[in-house]
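The values are calculated or read from the model by the stated rules, or taken from the named source; none is laboratory data. Quantities reported herein were computed from a predicted structural model and do not represent experimental measurements. For neighbour counting, all protein chains shown are included, and Cβ atoms are generated from backbone atoms with ideal geometry for every residue, glycine included. Accessible surface areas use protein heavy atoms only, side chains included; no ligands, DNA or RNA. Shrake-Rupley method; radii C 1.70, N 1.55, O 1.52, S 1.80 Å.
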Amino acid sequence: MSNDVDSFSRSYAQARDKFRAAVDAAGGALEVFEHPGRGPDGEALTTDVAWVGPRTDRALVLISGTHGVEGYCGSGAQIDWLRRGGAANASVGVLLIHAINPHGFAWTRRVNEDNVDLNRNWVDFPPRLSSNPDYAELADDLCPAQWTPEAQKSTTERLLAWRAARGDRAFQKAVSIGQYSHPLGLFYGGKEPSWSRRTQSAIFRKHLAGARRVAVIDYHTGLGPEGYAERLSTDAPGTAEFARASCWYGAAVTSTKIADATQAGEKSASEDVTGDNLIGSAKLLPGAEFTGIAFEVGTAPILEVMQALRADAWLHAYGDPNSEAGRTIESRMRSAFYRETDFWKGMVAGQSLLTIRQAIAGLMRE
Ligand SMILES: [Zn+2]
């Protein structure tokens, strides 16, 4: 086990070791779900789960690694909260789910072992959004079969021309709301429930069947100003769910359901996507009052993030992750979703501690 003072990690394997040690020190019981795949160094992959605090009908769920590599953020936040004695002060049960997508975390990818974006996978299959025509129009340029400097230049120029003609939001929407037609492409939702979705469903069934009031914080990175954590709701302003989230978390709450800045409330940095984890989690708990947010921390400019995702898709569809070019792409992915600075980690830890405190206070309200 690592004694590293930093709650954040340098690899998936180190993150898991630190998480297990922190759970042990906090007196929590650890449960391990084995993934069938392996990491790049042949390492075993697991989702690790711990319950701390009292068993009542109120629970807070902290999920890291829905988007693989983004797990560096959520893992660090979970470990930091445990190390600072959060468990001893928790007046509700806290269910920690570490690395729900361990394959993506270990391979420095946002997607899972099948190139599936878990936040587009929580749909009823076959999905309602079976075609996304704007994505199809862009697909060959987003994920070309060649990733030479010339191919990068020409495809990027065409993408930017499309964006200039149709607008920033239309572009972000076309690319990111989800698609089910291009398995090697970006933001692909898959063709069946993923291992991670099935595992999370089993964890919820086991631990939350009797819960009447549940809050979920799902940790993400890659959108918004560097270091700032948007508390992103998938509920529309005017709903009881959004009102409750705003009451607990204040002005940091945004909604993916706000179409533009002319409406009251704050538009989220994310588009209104199909099949995300929060909507899926709420459906697993039909008898509970559900308050879910994504804790979305900014890292790098959006174009830098998109170029990293395009390179990663190419690498795993056509390239060799063990080549020098592969390692360069991997390090770009890492820095697009994880800023390894004291400032950024401090921002994550501080905002996370506050958000957890607010969630527990909200759950305790009469
Ligand atoms: Zn994410």
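Kindly indicate whether Arg205 is touching a helix residue (DSSP H, G or I) at 6+ places or on another chain (Cβ under 9 Å) and buried (at least 17 other Cβ atoms within 10 Å of the Cβ). Working first, answer last.
On the way: touching a helix residue (DSSP H, G or I) at 6+ places or on another chain (Cβ under 9 Å): yes; buried (at least 17 other Cβ atoms within 10 Å of the Cβ): no.
No; evaluated as a whole, the condition is false for this residue.
The residues on offer are His103, His98, and the sole one that is open to solvent by 10 Å² or more (accessible area, probe 1.4 Å) and within 14 Å of the chain's Cα centre (by Cα) is His103. Only helices (runs of 4 or more DSSP H) whose full extent lies in segment 158-270 are considered here, and the ones with at least 2 residues that are outside the structural domain of Thr66 (by TED's automatic domain parsing) and either farther than 30 Å from Arg55 by Cα or among the β-branched types (Val, Ile, Thr) (or both) are 168-176.
Within segment 21-39, how many residues turn out to be open to solvent by 60 Å² or more (accessible area, probe 1.4 Å) and farther than 21 Å from Gly210 by Cα?
Step one: filter segment 21-39 for residues open to solvent by 60 Å² or more (accessible area, probe 1.4 Å), giving 24-25, 27, 29-30, 32, 34, 36, 38.
If we keep only those that are farther than 21 Å from Gly210 by Cα as well, we get 24-25, 27, 32, 34, 36, 38.
Residues meeting the conditions: 7.
Is it the case that Gly93 is touching a Leu at 6+ places or on another chain (Cβ under 8 Å), more than 16 Å from the ligand (Cβ to nearest atom) and open to solvent by less than 40 Å² (accessible area, probe 1.4 Å)? Criteria met by Gly93. Residue pairs whose Cβ atoms lie under 8 Å apart, separated by 6 or more positions or on different chains, with the first residue in segment 332-348 and within 16 Å of Gly224 (Cα to Cα) and the second more than 16 Å from the ligand (Cβ to nearest atom) and aromatic (Phe, Trp, Tyr), are Lys345/Phe8; Val348/Phe8. Scanning segment 46-70 for residues that are surrounded by fewer than 22 Cβ atoms within 10 Å (Cβ to Cβ) and of a type in the set (A, V, I, L, M) turns up just one, Val52. Among residues of segment 16-37 that are outside any strand (DSSP E or B), those with a Cβ under 9 angstrom from a residue that is basic (Lys, Arg), sequence gap 6+ or separate chain, pair up as Lys18/Arg83; Ala22/Arg83; Ala25/Arg83; Ala26/Arg83.
As a summary of the residue check, Gly326 satisfies the conditions (1) open to solvent by less than 20 Å² (accessible area, probe 1.4 Å); (2) touching a residue at least 60 places away in the same chain (Cβ under 8 Å) except for the one numbered (2).
Please work out which residue is nearest to the chain's Cα centre (by Cα), limiting yourself to segment 31-79 and to residues that are within 16 Å of the ligand (Cβ to nearest atom) and of a type in the set (S, T, N, Q).
To start, the set of residues in segment 31-79 that are within 16 Å of the ligand (Cβ to nearest atom) comprises 62-78.
Pick out the ones that are also of a type in the set (S, T, N, Q) and you get 64, 66, 75, 78.
Values: Ser64: 7, Thr66: 4, Ser75: 11, Gln78: 14 Å.
Among those that are within 16 Å of the ligand (Cβ to nearest atom) and of a type in the set (S, T, N, Q), it is Thr66.
When only residues in segment 221-273 that are under 21 Å from Leu309 (Cα atoms) and at pLDDT below 85 count, which is surrounded by the fewest Cβ atoms within 10 Å (Cβ to Cβ)? Only one residue tops the list, namely Asp272.
Answer with yes or no whether Thr56 is modelled with pLDDT under 95, outside any helix (DSSP H, G or I) and closer than 22 Å to Leu208 by Cα. Criteria met by Thr56.
Looking at Leu184, is it more than 15 Å from the ligand (Cβ to nearest atom), open to solvent by 30 Å² or more (accessible area, probe 1.4 Å), among the hydrophobic types (A, V, I, L, M, F, W, C) and closer than 24 Å to Arg109 by Cα? Even if it seems obvious, please write down each step before you answer.
Numbers: more than 15 Å from the ligand (Cβ to nearest atom): yes; open to solvent by 30 Å² or more (accessible area, probe 1.4 Å): yes; among the hydrophobic types (A, V, I, L, M, F, W, C): yes; closer than 24 Å to Arg109 by Cα: yes.
Criteria met by Leu184.
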